[in-house]
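> One structure, as structure tokens, below. Some questions next.
The values are calculated or read from the model by the stated rules, or taken from the named source; none is laboratory data. This is a predicted model, so every value here is computed, not measured. Ideal geometry is used to build each Cβ from the backbone, glycine not excepted, and the neighbour counts take in all protein chains shown.
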Amino acid sequence: MRIAAILTAIVIAGTAIAAVAAPPAQQAIIDQFAAAAKKADPGFSGFSPDAGKTFFFAEQTGGTGEASNCYACHGKDPKKAGETRAGQTIDPIAVSVNPKRFTDMAMVEKWFGRNCDTVLGRECTVVEKGNFLTFMSAQ
Amino acid sequence: MEHQTIPLAAQGSGTSLQRVRVWDRFVRAFHWSLVGAMAVAFATSLLLPKEWALIHVIDGTACVALVAARLVWGWLGPEYARFAAFVRGPAAVIAHLRDIAAGRVHRHRGHNPLGAAMIVALLAGVVVLGVTGTATLGGTLKSGPLAFALSFATGSAAREVHELVAYAVLGLIAAHVAGAIFESRRTRENLALSMVTGLKEARSGDEVPAAVPAHAVLAAILSVTLFAASGFAVATLMKRPALGAPVGALDASYKKECGDCHIAYHPSLLPSAQWTALMDGLARHFGENATLPAATAAPIRSYLTANAAETFDTLAANAFRRVSATDPLRITAAPFWQRTHDEISDAVFKAKPVKSKGNCAACHSDAATGMFRPWNIDIPEVVK
């Protein structure tokens, strides 16, 4: 009885971790953001995939460009390809279908740098980036 | 030959007269082949869109080949086909016109002097069209045997001559048809039908050239040799690099960095000053922030300005040196772009697979080379 309960707990915990934790390459990037977040705010307790999801679908104001949300180009389904305003295909951003996503910090920063200015008119915070990556890594 | 003239009424009573072979098989085949080929040439230039340009070029080459074979036959063929037998000086042409004016029929069983002059003019017209067409192709589209030698400016001048001569030839064709109808009525014989059957009536008093044997085998050997040599010469010349045309692929870093969002436009589509301004303003790039790290941006900037519109002599490079006064960085706002795309509906640009006016490669399969040749245009069906 006790053993069964412990085993069940381990299985549930394992499943939960597997569901939340990103693949190693993406996790390395998320860890860097987490370290930066902790440095800025000692009370930082971890990224939230739900907040990332809300951010992805949020209508933004103050952007310098023509898009006012993420899905205008990336599409509402992260597992499917998006399309730029000029008609070029954007590879899916969900890590499950596109494992190369979020594996190169320079690339991640280049696109957050561009797109946060275009859509929000400012740089994204470390927490926003971490939430976004945590959400997409679980997709 | 006795030059007797017979009153019209006494001639052409028709049925009882013997018909003789005047136009040989080659002359007839040549005549109607050239009619067909010239019809295609005019249709593919005046009526059909520019996507037909390659058919026009191939067809024009066929016209010149036909004329070349006719010239050989005019030297080696039978008497009715020989230039020496029917091409006459201005005096004979004037004498023929006097006959017409006076209502006399001094009948030539072959070509009359006026008809002969028309033949010379039409053959010369086709040759001039072939030469100016090849020069246009070489200079403006950087294709064909003269691409290595001719500038865009020379090609453009050749194009103007080509167009003028084409209209002149069209006028000559109209006069030729009118002349054939007039002469058919005047001499009471269907000349167009004769060009099909090869037969004409043998009338008393006809002017008939002295019989000459045709050298058909020699003519065929000469023609084939001529075609082979020309084909070899054209193929050899076409191996040379085209004057002022870009070579090689797009810069890999440029293609990767800029091609993520839109097609990597060939650098010859904007002047150097506009590329500089564009690279200075990447943070506000057509409705998006497209900033690049300095280390990535610098070589791309060098590549673009070193390969800008001023550095090439293609049609596109020449055309896009003129930028829009109000939106100078936008290639699709340039006067040339506006003029050449105004008949394409917005639906084509908005729907898949085009999606945007800036998606050149959706219709121009050679967009990445900067050549934009008309035969590489394929406007897709609108997908809803």
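> Anything in segment B:257-279 that is away from chain A (no Cβ under 14 Å) and not in a helix (DSSP H, G or I)? List them, or say none.
Correct list: B:266, B:270, B:271.
> Taking segment B:96-146 only, how many residues are of a type in the set (A, V, I, L, M, F, W, C) and under 30 Å from residue B:235 (Cα atoms)?
Of the residues in that region, 14 qualify.
> I'd like to verify a number: residues in segment B:307-322 that are part of a loop (DSSP other than H, G, I, E, B) and either surrounded by fewer than 21 Cβ atoms within 10 Å (Cβ to Cβ) or in contact (Cβ under 8 Å) with a residue 60 or more places away in the chain (or both), how many?
The number of residues fulfilling the criteria is 6.
> Count, please, the residues in segment A:45-68 that happen to be among the β-branched types (Val, Ile, Thr), more than 14 Å from chain B (Cβ to nearest Cβ) and surrounded by 12 or more Cβ atoms within 10 Å (Cβ to Cβ).
Final tally of qualifying residues: 1.
> For segment B:331-352, enumerate the residues that are closer than 25 Å to residue B:245 by Cβ, surrounded by fewer than 20 Cβ atoms within 10 Å (Cβ to Cβ) and within 14 Å of chain A (Cβ to nearest Cβ).
Listed by number, the list holds a single entry, B:332.
> What pairs can you find where one residue is in segment B:284-297 and more than 8 Å from every other protein chain (Cβ to nearest Cβ), the other is buried (at least 19 other Cβ atoms within 10 Å of the Cβ) and among the hydroxyl-bearing types (Ser, Thr, Tyr), and their Cβ atoms are less than 8 Å apart, with a gap of 6+ or different chains?
Filtered contacts from segment B:284-297: no entries.
> Tell me, which residue of segment A:94-139 that is of a type in the set (A, V, I, L, M) and in contact with a Gly (Cβ under 8 Å, 6 or more places away or on another chain) is nearest to residue A:42 (Cα to Cα)?
Here the answer is A:133.
> Another question about this same structure. Among the residues of segment B:101-126 satisfying the criterion of being surrounded by fewer than 16 Cβ atoms within 10 Å (Cβ to Cβ) and at pLDDT below 95, which is nearest to the chain's Cα centre (by Cα)?
B:101
> Next question. Spot the failing condition for residue B:355; the list is (1) at pLDDT 95 or above; (2) within 12 Å of another protein chain (Cβ to nearest Cβ); (3) part of a loop (DSSP other than H, G, I, E, B), and only one is missed.
(1)
> Could you identify the single residue in B:249, B:273, B:245 that is surrounded by fewer than 19 Cβ atoms within 10 Å (Cβ to Cβ) and closer than 19 Å to residue B:373 by Cβ?
B:249
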